[in-house]
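Laboratory data are not the source of any read-out in this text; all were calculated from the coordinates shown. It should be emphasised that the depicted structure is a prediction, and the values quoted were computed from it without experimental measurement. FYI the Cβ positions are ideal-geometry reconstructions off the backbone, even for glycines, and counts take in every protein chain you see.
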Amino acid sequence: MSKLSRNSALEESPRFQEPASRRDFLGLAAIWSAVAAFGAALIGSLRLPMPSVFPESNSRVKIGHPERYPKGSVTHLPELRLWVFHDAKGLYSISSICTHLGCIAGRSADGIFRCPCHGSIFAPDGKVLQGPAPTPLHWIAMGLSPDGQLLVDTAINVPLGTRLPV
Ligand code: FES
């Protein structure tokens, strides 16, 4: 075997191949990092259309049995941002969320709702007495659940004057 052919055989042997340089390693690391970041972004964007919280499950709330709201009563439920009324025609509820920009309107002893943010004033039945609110306060859907409790759905509005006869 000549000296020349012995040298070329040694060069082809994996033991004598040049090790990967630091630059090659960093280049590969950058490529794999980019692939991983793109994959994570793709997975995240695929999840976007799916809400993690379904509004239906939060908007339907039991507020106790009708006896809790005797005839003539006015009950504030601040956690739901609504008022429950019981008059001669039945039960109804009015949202205290101002229809202008969503501030919470307070209700005074005379039944008038006043929004502290921009001065809207609403009649006891929610109709606008003074703007800038464009529409009346919302009347909220109310019904009875199978266990006899009152059920409100804060995502559903009903026409003004709608009552639940009890
Ligand atoms: S948010 Fe109520 S008047 Fe503007």
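Some observations on this one:
- In sequence order, segment 133-138 has phi-based couplings of 4, x, 9, x, 4, 7 Hz under the Karplus curve 6.51 cos²θ - 1.76 cosθ + 1.60, θ = phi - 60°, and Gly or Pro positions carry x.
- Relative pair counts by distance (%), Cα atoms of segment 75-135, 5 Å bins: 4, 20, 32, 24, 14, 5, 1
- Placing +1 on the Cβ of every Lys and Arg and -1 on the Cβ of every Asp and Glu, with nothing else charged, gives segment 55-158 a dipole about its Cα centre of roughly 140 debye.
- Peptides 82-94, 113-125, 27-39, ordered by how many other C-beta atoms sit within 10 Å of their residues on average, highest first, read 82-94, 113-125, 27-39.
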